[in-house]
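Please treat every number below as a calculation from the coordinates, not as lab data. Remember, predicted model here, so these are calculated numbers, not experimental data. All Cβ positions, glycine included, derive from the backbone under ideal geometry; neighbour counts span all protein chains shown.
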Amino acid sequence: MSDDNLLESFLFDEQAHSPSAEFAEQANVQDARIYQDASADSLSYWAKEAEQLHWFKKWDSVLDWKPPFAKWFVGGKLNVAYNCIDRHLETSRKNKAAIIFEGEPGDSRVITYQDLYNEVTKFANVLKSLGVQKGDRVSFYMPMIPELAIAMLACTRIGAVHSVVFGGFAPEALVGRVNDAQAKVIVTSDGGYRRGKVLPIKDNVDEALKANDSVEKVVVVKRTGSDIKMVSGRDLWYHELMEKAEVGGPAEPMSAEDMLFILYTSGTTGKPKGVVHSTGGYLTGVATTHRNIFDLKEDDVYWCTADIGWITGHSYILYGPLANGATTVMFEGTPDYPEQDRFWAVIEKYKVTILYTAPTAIRAFMKWGEEWPAKRNLASLRLLGSVGEPINPEAWQWYHKHIGGKRCPIVDTWWQTETGQILISPLPGITATKPGSATLPIPGIEVDVVDAAGFPMPTGQSGFLIIKQPWPAMLSTVFNDPQRYVDQYWSRFEGVYFAGDGAKKDKDGYIWILGRVDDVLNISGHRIGTMEVESALVDHPAVAEAAVIGKAHEIKGQAASAFVTLKDNVTYDDKLIKELKAHVAKKIGAIARPDDIFFTAELPKTRSGKIMRRLLRDVAEGRAVGDTSTLANPDVVTELKDKYED
Ligand code: 7RM
């Protein structure tokens, strides 16, 4: 978001939307004293929330904080699958829909809590039979089908650690993550549907495994019936294993601080970080926030449109909702297939009451036109959520009017892969919302906006967002690299968590997130490191050097623009541009494909050799170029501007 847009956001400031009396009266959280109570004694507050879970053994202490390493609910024993499934079977939820699955082709499956128990315990037994033990890693590379949820829960049941890799990543990105995790097993499928076509999921796994020596078995779910190669001795069909597997078996009592899962996320280097989440704190954090922020009621039909390959899917399709005994919708498709009303058709079909989606999707819907949602009955909706990037006020207003019928509160939720749970968000029955602001830290959380030296910024001025105390679902470390955990998150400012986002605080203490301040792009709400795209470009034989920046994009929020210098004997043409874009898609995945490639004889650099990305951003967005006085080669920028200005 540029500063101009932000100014606009502040103008909307006056139009705060208070919760309606009708909503407020029925809300799960109605008393604003929750903020004072939680801040007076945040550990007791979180302990009370943790008591909503089932513990095999209660914790001895709520928090062991040896900065920057936190252990939550030390001494406590619990199991995530038990909390998400078994304990609901003793209640009226036994035959309630746990997962409603809507496939891209329009196929549908309803999985009750009892069904989920049967499937999860069977797959837990399959994993054991494959030699998977507590602490072993299992990687996933799957479309959004129920077997993904089932197999992840099965891991948690036996204490294995899952590492889900987004199905849109390329084989090379996949193998990097599988190797780093040293996974023993991969769960995948024969294919997946994408806009009517079949994705070659299994082929990508085969390609990836050429560069891996940790994986012993590949379990393949049949989804598309594609003709694939099964490697004998290594590849096994999911349905064949499940046919022979028994229902039932224990849920392993895990220590609260045991590793639950790894999820790789882009950072400022070319190598993604394996963010580690642990058991007790994570489940407490996601269950509480899901219940309070989405105002969950027993008969809600809740739909989060994210992919489980990202943290949003982990926390708010799977673990938060299932821990709360909710009905969670899992959708395999895209918003515009077969037509641009697919989301609204799904809402109508299942009478969805809570919708959680991303600003990039909302901006696409705006472009497609309000006639698409208008054709469908959206009266079941009662609450809307937004996540992934700042929501521009125009998109907020559109969402409010055309999807929420002006009656649904909107929760704009700020959080990260690393935070595990939502940290900044309205409580929908209490907080007046301002379009474009994620509003206030939730109870028990303290944040601030500080300058480069760590001092609080005055009201309305932009600085760095920090989190002042540990929180239950915080990452516990970076897998195999605790030093990176320390350096990345806890060293920029002494003793506090550095989020990597810029922000402003307004006169009411509301937080306005401005986007990343590091070399991380946010393309359609997906994190991609500029360094990753640069490495992919430099990997091409024609490229000498590359610099990648984020450029404002109407729908995606940001798009990657690349500035490339070629090797001496190479000449450029349109074909090379296409080839370089395809190369990036092949190395990382289609989401990282640059929108533009600019060729230049030289990149603008400081005298110490650092690429001045700020200047490249000015060029790419057609702005007046800022200060070039520290450049070793100031002429480069003028040349670039002349060349690319329309
Ligand atoms: C949940 C998720 C994290 C980054 C984060 C921000 C941006 C996320 C919001 C937001 C403004 C929001 N995890 N971000 N939510 N910015 N308002 N409500 O997206 O690890 O993939 O990305 O996303 O920059 O640092 S993530």
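Given a cut-off of 29 Å, name the pairs among K273/K587; K468/K605; K507/K610; K96/K367 whose C-alpha atoms lie farther apart than that in the structure shown.
Pairs exceeding the cut-off: K468/K605; K507/K610; K96/K367.
Using unit Cβ charges (K, R positive; D, E negative) and no other charged atoms, how large, in debye to the nearest 20, is the dipole of the chain about its Cα centre?
Around 1120 debye, computed over the chain.
Hey, what number do you get for the chain at 222 nm if only DSSP H runs of n ≥ 4 count, each worth -39500 (n - 2.57), divided across all residues, to the nearest 500?
Value at 222 nm, helices only, nearest 500: -8500 deg cm²/dmol.
Among the GluC sites (Glu not before Pro) within the stretch 76-126, which fall in a DSSP loop and have no more than 15 other Cβ atoms within 10 Å of their own Cβ?
E90
Taking amide H positions as placed 1.01 Å from N in the peptide plane, with prolines and chain starts having none, which residues 5 or more places from V198, or on another chain, fall under 5 Å of its amide H?
When sequence neighbours closer than 5 places are left aside, there are no close amide H contacts.
Given labels modelled 7 Å from the Cα in the Cβ direction, how far is it in nm from T630 to K586?
Each label point is offset 7 Å from its Cα along the Cβ direction, giving 3.8 nm.
Using θ = phi - 60° and the Karplus form 6.51 cos²θ - 1.76 cosθ + 1.60, what ³J(HN,Hα) does each residue of the stretch 533-550 get, whole Hz, x for Gly and Pro?
With the stated coefficients, the stretch 533-550 comes to 5, 4, 4, 5, 5, 5, 5, 6, x, 7, 9, 8, 8, 9, 10, 10, 10, x Hz.
Work from the charge dipole of the stretch 511-586 (Cβ charges, +1 for Lys and Arg, -1 for Asp and Glu, about the Cα centre) and give the residue of G515, A542, V584 farthest towards its positive end.
Value: G515.
Which aspartates and glutamates does K297 reach when only Cα atoms under 14 Å apart count, and residues fewer than 8 places away in its own chain are ignored?
Those aspartates and glutamates meeting the cut-off are E25.
Tell me which GluC sites (Glu not before Pro) from the stretch 489-571 have a DSSP coil assignment and no more than 13 other beta carbons within 10 Å of their own.
E494, E554
For F455 and D487, what is the calculated FRET efficiency with R₀ set at 35 Å and r taken between the beta-carbons, to the nearest 0.05?
Rounded to the nearest 0.05, the efficiency is 0.95.
How large is ³J(HN,Hα) for each residue in the stretch 616-632, as worked out from phi by the Karplus curve 6.51 cos²θ - 1.76 cosθ + 1.60 (θ = phi - 60°), to whole Hz, x for Gly and Pro?
In residue order, the calculated couplings are 5, 4, 4, 5, 5, 9, x, 8, 4, 6, x, 4, 10, 5, 8, 6, 6 Hz.
Can you list the residues, at least 5 places off or on another chain, whose amide H is less than 5 Å from the amide H of M254, using H built in the peptide plane?
It is L78, N79, by chain and number.
Please identify every one of the trypsin sites (Lys or Arg not before Pro) in the stretch 475-583 that sits in a loop by DSSP and has no more than 11 other beta carbons within 10 Å of its own beta carbon.
Those satisfying the criteria are K507, K567.
When a/c reaches 1.5 or more, the comparison of a/b and b/c decides; with that in mind, is the stretch 61-210 rounded, prolate or oblate per its Cα gyration tensor?
Taking the square roots of the gyration eigenvalues as a ≥ b ≥ c, the stretch 61-210 is oblate.
Using modelled amide H (1.01 Å from N, peptide plane; none on Pro or chain starts), what sits under 5 Å from the amide H of V187, excluding residues fewer than 5 places away?
Amide H neighbours of V187: S139, F140, Y141, V219.
Please give every one of the aspartates and glutamates within straight-line cross-link reach of K586, meaning a C-alpha to C-alpha distance under 14 Å, and leave out same-chain neighbours fewer than 8 residues apart.
E172, D203, E207, E532, E534, D539
Tell me, what is the percent relative contact order of the chain, built from C-alpha pairs under 8 Å that lie six or more residues apart?
13 percent.
Given K567/K643; K197/K229; K406/K504; K202/K349; K556/K578, which pairs have Cα atoms separated by over 22 Å?
Flagged as over cut-off: K406/K504; K202/K349.
Using +1 at the C-beta of Lys and Arg and -1 at the C-beta of Asp and Glu, which of M254, G557, G313 has the Cα lying farthest in the positive direction of the dipole of the chain?
Result: M254.
Quick one: grab the alpha carbon gyration tensor of the chain, order the square roots of its eigenvalues as a ≥ b ≥ c, and give me rounded if a/c is under 1.5, else prolate or oblate depending on whether a/b is larger than b/c.
Judged from the Cα gyration tensor, the chain comes out rounded (a/c under 1.5).
Among DSSP bridges having both ends in the chain, what percentage is antiparallel? Round to the nearest 5.
In the chain, approximately 60 percent of DSSP beta bridges are antiparallel ones.
Work out from phi, with θ = phi - 60° and the Karplus expression 6.51 cos²θ - 1.76 cosθ + 1.60, the ³J(HN,Hα) of each residue of the stretch 481-497, listed in order in whole Hz, and give x for Gly and Pro.
8, x, 5, 5, 4, 5, 5, 5, 10, 10, 10, 4, 10, 3, x, 10, 7
List the lysines whose Cα sits under 19 Å from the Cα of K134, skipping any in the same chain fewer than 8 residues away.
Qualifying lysines at Cα under 19 Å: K57, K77, K122, K184, K217.
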